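The values are calculated or read from the model by the stated rules, or taken from the named source; none is laboratory data. Just so we're clear, the structure is a prediction, and the values are computed from it rather than from any experiment. Ideal geometry is used to build each Cβ from the backbone, glycine not excepted, and the neighbour counts take in all protein chains shown.
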Amino acid sequence: MTYLIKGAKPYGEDAVDLLLEDGRIAAIGTELAADGAEVVQAAGLVALPGLVDLHTHLREPGREDAETVETGSRAAALGGFTAVHAMANTDPVADTAGVVEQVWRLGQEAGLVDVVPVGAVTVGLEGERLAELGAMADSAARVRVFSDDGHCVSDPALMRRALEYVKAFDGVVAQHAEEPRLTAGAQMHEGDRSASLGLTGWPAAAEEAIIARDVLLAGHVGARLHVCHVSTAGSVEILRWAKSRGVQVTAEVTPHHLLLTDACAETWDPVFKVNPPLRTDADVEALRAGLADGTIDAVGTDHAPHAVEDKESEWAQARPGMLGLEQALSVVVQTMVEPGRLDWRGVADRMSVRPAGIGRLTGHGRPLAVGEPANLLLIDPTARSVVDPAALASRSRNSPYAGRELPGRVVATFLRGSATVLDGKATR
Amino acid sequence: MASSSLPARDAAQAPLLSAADVARVVDRMAHQLIERAASLAPEGDATGGLRDLVLVGIPTRGAPLARRLAARVEAFSGTAVDVGTVDITLYRDDLRRRGVRALEPTVLPAAGIDDRLVVLVDDVLFSGRSVRAALDALRDLGRPRAVQLAVLVDRGHRELPIRADFVGKNVPTSRTQQVKVRLQETDGADEVLVTGGAA
Amino acid sequence: MKRHLLEVADLDRADATLVLDTAAQIDQALAGREVKKLPTLRGRTVVNLFYEDSTRTRISFELAAKRLSADVINFSAKGSSVSKGESLKDTALTLEAMGSDAVVVRHSASGAPHRLANWVRGSVVNAGDGTHEHPTQALLDAYTIRRRLGRLEGVRVAVVGDVLHSRVARSNVGLLHTLGAEVTLVAPPTLLPVGVRSWPAEVSYDLDAVLPKSDVVMMLRVQAERMNASFFPSAREYSRRYGLDAPRMAALPDDAIVMHPGPMNRGMEIAAEVADSVRSTIVEQVANGVSVRMAVLYLLLGGSPQ
Ligand SMILES: [Zn+2]
């Protein structure tokens, strides 16, 4: 199928037509015409390179009642993504070539986004011995990002070895930074609100201590380190310092940490329970500043679907995590674009170019230019809508944005020239 | 609804009972109480049965009324009579409909009410439900020899088989009307008003 | 009054005073009576939903409800479907189907009563949730102080012990502040929450400095297992620094009182001679608990005025 996009604004700049043919951007210009092409009217819409998520939980295999590769892929496409990194904390854990290839194949079959498996750092996420990282790297899934996400690789010697070992295939260790001895039983950010709610606190220092340790280790062994879901002002400071010293460290922030605070816990609704927890206004501000100045490289959704029964409970019993794929871009528009802290090229950089680079994906995060792979999205930045969890494509309903009005509507998404979303609806 | 929400004209009406009327009515009731106590007096009682009498007011306005009656009885007979109050809030059967209200004290004379003549005192007798609640409350507080009822105004419309033994004034009313007793102790002035509806 | 009593913030000063005044009237109405029963809540059903063992609190609520003639159902986590893993929501829907007018809930998870309140139409009364709140305990403590000292405004209250894990402390700080008392929290720094400075209370690490300036000393239960998590080095050291013994009690002003929500660890946070002294209100607190809970049930279940 050939698509002719009429009047879209690449990166929010001058309106042009784009011709998508044979999986590539075949032409960019004004008044383009093409016989037999399906025309997409895109006046007023902004065109961006397809988004890349470094941090998605697709739950398959193991918790297909919460999400599957297919439903998660659909949610991703609707959010403007063309590639997502599927986290390893499935059941069985993605700690062997067999499991990562299975996930990769399921993604290919769904065909809505490129599903890029993340391999576990340690066997069974148990933090004791390294998984077969090389075998996963060499598999059909070509794993480059390794993470025990959900758990921290807290043993410093093991972390050092992992950082060193993945250098052999240009891999990166994505650390869930949480010193477990400081977060035993933790339910929310430790501060004024945890004190009055009587919920066990998750201190910022538990994240910052691990990031500080890991940037020192990464610098020492000359390895790449990626920090998942940075959530505190202190973490941003440490990353800024490490980058100034030349450490090869990258970091992501989630949409929810850019928008929401620990005040949400006062509702006692476990939809707001997440790990790391929602922090304070000051942390939110530091994260926005860090994303704006590039200290934080990327937005990673930490899309974490949970079945109803895992959230419709007491706060302490509920599982941590919240949906993110379908609203990520809207949250970035609200928190970064509308206040003028990031322009559309900045959005493309933090949500496509840099995450693709961190994951070493060659076909994604490319510029909107003739000859490049036709991975792109069209967004109506002026549309505003109220989030209705029942209308989401995810199999789960745990959206923290329920009932909240957000700006921006993804109108179309193209994966290698074929539409995965048109008129705001998934094509399959 | 519309017909009962036009009180403007009624507000200007003259009171049914003025301060002087209230005083007169209370005096008459005090005399009746003295007579009744005497007729029911145990044999050999030198106080004409007044030693046996307990006036128990039902808050809010029954309480000061009981105290006034006691004062007048003492003035006419020279004998002090016991006074108490019994709060009926926790005995009402219309909590769901009327909602909660602050409780008022229940105070009984030191000698109690067992085997005595208790006269319940209230301002207005209407459905009879307050009196029923007061009777229930008294049952939990002791076992009087007899219980009688004194009210300043009987406005009719009983929903229970209850009647007053002492009535200051009978006032025929319609259900939609309101009978408002105001007393110096609780409202700053003595008067009885009838407002709203048509008689 | 709001429909539920989930935390002391649900009570403004007028509401809290109304609860205490109502309890006082109930106490007075029942004083010396043979029949300690009122027909007020006849035909209404109160469910005691206890996920945590707490015989004393359950009995107090049960007695309160029964004295108001309500039907009482005790639904304890042991020996019921709750222990077979039924969710709080399913339990709530079951109670709803049984037509309960009020649910008194005790739960080990902070916020569980708030969740329950989303799922039932009747009133929810928090009888202690995790390390969050225990509002009726705070009410009975305030009632006890008012009865003993005749006032709450300006009364200086020292709350001593494991504030970090104490729902009693959280509720007392909030309610006593609402009622005009001045609270000082006294504990080792490890047993105070990060964020305690945002509370409407003073903080001290030095019990001996606070005692002479206290009209009320409220001792909190300290569980010995906190020792194993290094909140303090030993029971002996805790007791020496933060326990209330006779010499320390002597440092209190003449009419000061000593309170404890129970159950006590005699010899740990409170010496036996202190617990049994005339200053101690510990037994009164238990009796007052019934009156205060009657007042709460009456005010919540009585219906709201039109
Ligand atoms: Zn994580």
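Observations
- For A:V143, the requirement of being assigned to a helix (DSSP H, G or I) and among the β-branched types (V, I, T) is not met.
- The residues of segment A:132-148 that are buried (at least 24 other Cβ atoms within 10 Å of the Cβ) and of a type outside the set (V, I, T), listed by number, are A:M136, A:A141, A:F146, A:S147, A:D148.
- Screening segment B:136-149 for residues that are surrounded by fewer than 18 Cβ atoms within 10 Å (Cβ to Cβ) and without any contact (Cβ under 8 Å) to a residue 40 or more places away in the chain and picking the one that is farthest from the other protein chains (Cβ to nearest Cβ) gives B:R143.
- A:L197 vs. criteria within 14 Å of chain C (Cβ to nearest Cβ) and either more than 21 Å from A:M87 (Cβ to Cβ) or in contact with a helix residue (DSSP H, G or I) (Cβ under 7 Å, 6 or more places away or on another chain) (or both): yes
- Just one of the numbered conditions (1) within 14 Å of chain C (Cβ to nearest Cβ); (2) of a type outside the set (S, T, Y); (3) touching a Lys or Arg at 6+ places or on another chain (Cβ under 7 Å) is not true of B:R132: (3).
- Failed criterion for A:R105 (all others in (1) assigned by TED's automatic domain parsing to the domain that holds A:L163; (2) buried (at least 22 other Cβ atoms within 10 Å of the Cβ) hold): (2)
- From the options A:R279, A:R319, residue that is within 14 Å of chain C (Cβ to nearest Cβ), outside any helix (DSSP H, G or I), crowded, with 23+ Cβ neighbours inside 10 Å and within 16 Å of the ligand (Cβ to nearest atom): A:R279
Let's see how each residue does on (1) surrounded by 14 or more Cβ atoms within 10 Å (Cβ to Cβ); (2) of a type in the set (D, E, K, R); (3) more than 30 Å from B:L90 (Cβ to Cβ):
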position	(1), (2), (3)
C:V210	yes, no, yes
C:A224	no, no, yes
C:A235	yes, no, yes
C:S239	yes, no, yes
C:A251	yes, no, yes
C:E273	no, yes, yes
C:E284	yes, yes, no
C:V296	yes, no, no
C:L300	yes, no, no
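- Filter result for A:T301 (more than 16 Å from the ligand (Cβ to nearest atom), buried (at least 22 other Cβ atoms within 10 Å of the Cβ), on the phi < 0 side of the Ramachandran plot and assigned to a loop (DSSP other than H, G, I, E, B)): no
- Conditions (1) among the hydroxyl-bearing types (S, T, Y); (2) in a helix (DSSP H, G or I); (3) closer than 21 Å to A:L125 by Cβ: number failed by A:S231: (2)
- Qualifying residue in segment A:283-292 (condition: outside any helix (DSSP H, G or I), assigned by TED's automatic domain parsing to the domain that holds A:L78 and surrounded by 21 or more Cβ atoms within 10 Å (Cβ to Cβ)): no
- Qualifying residue in segment A:204-216 (condition: within 24 Å of the chain's Cα centre (by Cα), surrounded by fewer than 19 Cβ atoms within 10 Å (Cβ to Cβ) and within 13 Å of chain C (Cβ to nearest Cβ)): yes
- Condition met for A:A157 (at pLDDT 95 or above, out of contact with any strand residue (DSSP E or B) (no Cβ under 9 Å at 6 or more places or on another chain) and not in a loop (DSSP other than H, G, I, E, B)): yes
- Hits in segment A:195-224 (condition: closer than 21 Å to A:L163 by Cα, more than 15 Å from the ligand (Cβ to nearest atom) and not basic (K, R)): A:E208, A:A209, A:A212, A:V215, A:L216, A:L217, A:A218, A:G219, A:H220, A:V221, A:G222, A:A223
- A:Q334 fulfils the conditions (1) surrounded by fewer than 22 Cβ atoms within 10 Å (Cβ to Cβ); (2) within 14 Å of chain C (Cβ to nearest Cβ) except for a single criterion, (2).
- Of the criteria (1) within 16 Å of the ligand (Cβ to nearest atom); (2) crowded, with 21+ Cβ neighbours inside 10 Å, which one A:V249 fails: (1)
- Taking each residue of segment B:98-126 that is within 10 Å of chain C (Cβ to nearest Cβ) and touching a residue at least 24 places away in the same chain (Cβ under 8 Å) and looking for partners that are of a type in the set (A, V, I, L, M) and in a loop (DSSP other than H, G, I, E, B) with beta-carbon atoms closer than 8 Å, six or more apart or interchain, yields B:T106/B:V86; B:L108/B:V86.
- Filtering segment C:157-166 for residues that are under 30 Å from A:R319 (Cβ atoms), small (G, A, S) and within 16 Å of the chain's Cα centre (by Cα) leaves a non-empty set.
- Of all residues in segment A:148-186 being within 14 Å of another protein chain (Cβ to nearest Cβ) and within 16 Å of the ligand (Cβ to nearest atom), the one that is farthest from A:G134 (Cα to Cα): A:A186
- All positions within segment C:18-73 that are more than 24 Å from B:D87 (Cβ to Cβ) and within 14 Å of chain B (Cβ to nearest Cβ): C:T45
- Taking segment A:1-120 and the strands (runs of 3 or more DSSP E) fully enclosed by it, the elements with 1 or more residues that are in contact (Cβ under 8 Å) with a residue 60 or more places away in the chain and within 16 Å of the ligand (Cβ to nearest atom) are at A:51-56, A:81-86.
- Residue match in segment B:55-72 (condition: touching a residue at least 40 places away in the same chain (Cβ under 8 Å), in contact with an Asp or Glu (Cβ under 6 Å, 6 or more places away or on another chain), under 18 Å from B:F166 (Cα atoms) and part of a strand (DSSP E or B)): no
- Residue within segment C:125-140 that is of a type in the set (A, V, I, L, M), outside the structural domain of C:D21 (by TED's automatic domain parsing), over 28 Å from C:A92 (Cα atoms) and modelled with pLDDT of 95 or more present: no
- Residue ID - surrounded by the most Cβ atoms within 10 Å (Cβ to Cβ), chosen from residues in segment A:263-276 that are within 14 Å of another protein chain (Cβ to nearest Cβ) and in a loop (DSSP other than H, G, I, E, B): A:K273
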